[in-house]
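To start, the structure itself, in structure tokens.
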Amino acid sequence: LSLNNLQSVGADLSISFNDALTNLSLNSLQSVGADLDIAFNDALTNLSLNSLQSVGTDLFISFNDALTDLTGLNNLQSVGADLSIIGNDALADCCGVFNVLQSTNIGGNITIINNLPNCNSQQEILDNCQPCLCEKSIIRF
């Protein structure tokens, strides 16, 4: 099954309960019209949604025990309703959602809890991922 050319989903997209899934790569996906649910994928370590710009309603990333970072969401610009990042036991780097958190283009509640330190609240992400002013240049993490 190849979904390399998938650019949009008009309704819900749920990728859940896939015990053997280690890599989720939908690099051409630009928008999901309703909910995007990535949950209970015990072996998922890589989340590559590099072109994703908008989720129409809820974005739910939860209980993916091996997921360590959200860098594959760097281009996300808006979430129409709730953003939930909950119970990802190895998740320590949530900087991939920094841009959407900073933009305030989230239409509902933001729940970021029960992950590793630096990824347990909106404020932790904004504090730990914001641009660093360093000698004569700006470095963005």
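Remark: spin-label model distance Gln123-Ala90 equals 3.0 nm, labels positioned 7 Å along the Cα→Cβ axis. With the convex hull of its Cα atoms as the shape, the chain has an orientation-averaged projected area of 8.2 nm².
Approximating the spin labels as points 7 Å out from Cα along Cα→Cβ, the Asn99-to-Ser16 distance works out to 2.7 nm. For the peptides 61-67, 48-54, residues were scored by their other Cβ atoms within 10 Å and the scores averaged per peptide; the highest-first order is 61-67, 48-54. Radius of gyration over Kirkwood radius for the range 50-124, both on Cα atoms: the Rg/Rh ratio is 0.92.
Only the coordinates and a few stated rules stand behind these numbers; no lab work does. None of the values given here were measured: they were computed from a predicted structure. FYI the Cβ positions are ideal-geometry reconstructions off the backbone, even for glycines, and counts take in every protein chain you see.
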